[in-house]
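Peer 1: Submitted below is the structure of interest, expressed as structure tokens.
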Amino acid sequence: MNKLQSQIRLNNSFDHVEVKYEPEYNAVWAKLQYPGRPCMSKGLLDDVARAQQLIRESASYGHNTGDENRLRYQVLSSATPGVFNLGGDLAHFIDLIERKDRESLMAYAKSCIDILYPSSIGYGLPFTTISLVQGEALGGGFEAALSTNVLIAEESATFGFPETVFGLFPGMGAFSFLARRMAPALAKRVIASGKVYTAWELHEMGLVDVVAPDGKGEEAVNSYIKHQQNRSAGFVCLDKIMDQFNPVTYEELMKITTMWVDAAMGLSKKNLRLMDYLLRAQERRWGVKEDLMCQAVG
């Protein structure tokens with residue numbers, strides 16, 4: 001795995017993600033970093049896409065060459081205490097909607113899908129993607145966690161889709177990912193409720209795979225990988241069976257995302273004022289300058 005380590009050293013100049021290889025676990029950690037507001041900013045999306053390319057190339061090379069020590073796991077987490085990710089860049093949304101710039105809003109939405117879809121299919125390889133949520137995962141942050149094969153959360157983690165408050169819905173895969181883990185009617189209820197859920201509540205629903213004590217999330221991830229390594233063939237086949245039974249396709253995600261963009265462009269001035277009000281509230285909470293503000297919408 002020296003090749004991956006060399007690639008990381010040469011390319012790990014990201015502002016928004018720290019990539020670290022853990023050879024003992026055949027795993028790579030991608031820890032989200034937030035110079036500003038902990039949201040899905042364009043800078044973060046660009047850096048994650050670049051990191052994914054490195055990981056995909058290394059995993060593919062190891063698989064194609066039959067390397068027994070090849071990269072097999074990717075863990076997505078946050079380096080900021082108390083938050084995984086709060087979702088989309090609301091300030092950016094307001095600006096594009098007011099300027100009626102549908103093309104740019106569509107490009108932003110597509111960049112989200114271009115990250116979440118490869119994660120959901122493990123790059124098309126015998127590869128497991130894991131998310132570790134420590135703190136808040138809202139809107140697009142919740143979607144990102146759901147896009148991985150395995151979702152591990154600490155006890156105090158919280159999850160929710162606040163988009164209905166603004167007359168929107170989570171449009172970057174929420175329903176598609178939820179409906180593969182629970183009944184579609186229940187998935188709709190989770191999205192429409194606007195409720196904030198605890199890790200244990202989602203564990204009961206089958207959405208969170210492992211709940212760890214606070215501060216023990218990374219240990220839980222390592223334990224999960226160790227357990228899976230001993231039975232890797234069976235777990236990989238089980239993932240393939242699930243994918244074949246009810247696969248999430250890129251085309252499906254793009255159709256829903258297009259609907260989201262259309263809905264966003266049709267929002268009323270009242271909805272936009274509400275977005276702005278909540279944006280200010282988030283600014284006060286997080287103490288971030290206006291040009292870095294984002295809000296929990298994905």
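The values are calculated or read from the model by the stated rules, or taken from the named source; none is laboratory data. Nothing here was measured: the structure is a model prediction, and the numbers come from that model. Methodologically, a virtual Cβ is constructed for each residue, glycine included, from the backbone with ideal geometry; neighbour enumeration extends over all protein chains shown.
Peer 1: For S147, all conditions in the list (1) surrounded by fewer than 21 Cβ atoms within 10 Å (Cβ to Cβ); (2) touching a helix residue (DSSP H, G or I) at 6+ places or on another chain (Cβ under 7 Å); (3) of a type in the set (G, A, S); (4) closer than 23 Å to E204 by Cβ hold save one; what is the number of the exception?
Peer 2: (1)
Peer 1: Of all residues in the stretch 35-81 being in contact with a strand residue (DSSP E or B) (Cβ under 7 Å, 6 or more places away or on another chain) and in a loop (DSSP other than H, G, I, E, B), which is surrounded by the most Cβ atoms within 10 Å (Cβ to Cβ)?
Peer 2: Restricting to residues being in contact with a strand residue (DSSP E or B) (Cβ under 7 Å, 6 or more places away or on another chain) and in a loop (DSSP other than H, G, I, E, B), the top hit is C39.
Peer 1: Also, quick follow-up: What number of residues within the stretch 118-144 are among the β-branched types (V, I, T) and within 16 Å of E201 (Cα to Cα)? Quick ask: steps written out before the conclusion?
Peer 2: Of the residues in the stretch 118-144, the ones among the β-branched types (V, I, T) are 121, 128-130, 133.
Next, only the ones that are within 16 Å of E201 (Cα to Cα) stay: 133.
Qualifying residue count, the stretch 118-144: 1.
Peer 1: Could you look through the stretch 7-26, keep only residues that are part of a loop (DSSP other than H, G, I, E, B) and at pLDDT below 85, and pick out the one that is farthest from L71 (Cα to Cα)? Walk me through how you get there before you give the answer.
Peer 2: Applying the first criterion (part of a loop (DSSP other than H, G, I, E, B)) to the stretch 7-26 yields 12-16, 26.
Adding the requirement that they be at pLDDT below 85 leaves 12-13.
On the way: N12: 17, S13: 21 Å.
Filtering first and then ranking leaves S13.
Peer 1: Any residue at all in the stretch 97-108 that's in a loop (DSSP other than H, G, I, E, B), surrounded by 23 or more Cβ atoms within 10 Å (Cβ to Cβ) and either free of Cβ contacts under 8 Å to residues at least 12 places away in the same chain or out of contact with any Gly (no Cβ under 8 Å at 6 or more places or on another chain) (or both)?
Peer 2: There is no residue in the stretch 97-108 that is in a loop (DSSP other than H, G, I, E, B), surrounded by 23 or more Cβ atoms within 10 Å (Cβ to Cβ) and either free of Cβ contacts under 8 Å to residues at least 12 places away in the same chain or out of contact with any Gly (no Cβ under 8 Å at 6 or more places or on another chain) (or both).
Peer 1: Is there any pair linking a residue in the stretch 193-207 that is free of Cβ contacts under 8 Å to residues at least 60 places away in the same chain to one that is of a type in the set (G, A, S) and not in a helix (DSSP H, G or I), with Cβ under 8 Å and at least six apart or on different chains, and which?
Peer 2: Final answer for the pair search is G194/G160; K195/G160; V196/G160; Y197/G160; T198/A157; L202/A153; H203/A153.
Peer 1: What number goes with the only condition from (1) part of a helix (DSSP H, G or I); (2) modelled with pLDDT of 75 or more; (3) surrounded by 17 or more Cβ atoms within 10 Å (Cβ to Cβ) that T258 does not pass?
Peer 2: T258 satisfies all of (1) part of a helix (DSSP H, G or I); (2) modelled with pLDDT of 75 or more; (3) surrounded by 17 or more Cβ atoms within 10 Å (Cβ to Cβ) except (3).
Peer 1: Among the helices (runs of 4 or more DSSP H) lying completely within the stretch 130-213, list those that include at least 2 residues that are of a type outside the set (A, V, I, L, M), under 21 Å from P81 (Cα atoms) and at pLDDT 95 or above.
Peer 2: On the way: elements: 140-146, 174-179, 184-193, 199-205.
The qualifying helices (runs of 4 or more DSSP H) are 140-146.
Peer 1: While we're here: Mind checking which pairs have a first residue in the stretch 58-78 that is under 23 Å from L45 (Cα atoms) and a second that is surrounded by fewer than 23 Cβ atoms within 10 Å (Cβ to Cβ) and of a type in the set (K, R), Cβ under 6 Å, 6 or more apart or different chains?
Peer 2: S77/K31
Peer 1: Whether any residue in the stretch 170-178 is in contact (Cβ under 8 Å) with a residue 60 or more places away in the chain and either surrounded by fewer than 19 Cβ atoms within 10 Å (Cβ to Cβ) or on the phi > 0 side of the Ramachandran plot (or both) is what I want to check.
Peer 2: If we filter the stretch 170-178 for residues that are in contact (Cβ under 8 Å) with a residue 60 or more places away in the chain, which is where we start, we get 170-177.
Right, trim to either surrounded by fewer than 19 Cβ atoms within 10 Å (Cβ to Cβ) or on the phi > 0 side of the Ramachandran plot (or both) and you get 173.
Scanning the stretch 170-178, I find at least one residue that is in contact (Cβ under 8 Å) with a residue 60 or more places away in the chain and either surrounded by fewer than 19 Cβ atoms within 10 Å (Cβ to Cβ) or on the phi > 0 side of the Ramachandran plot (or both), so the answer is yes.
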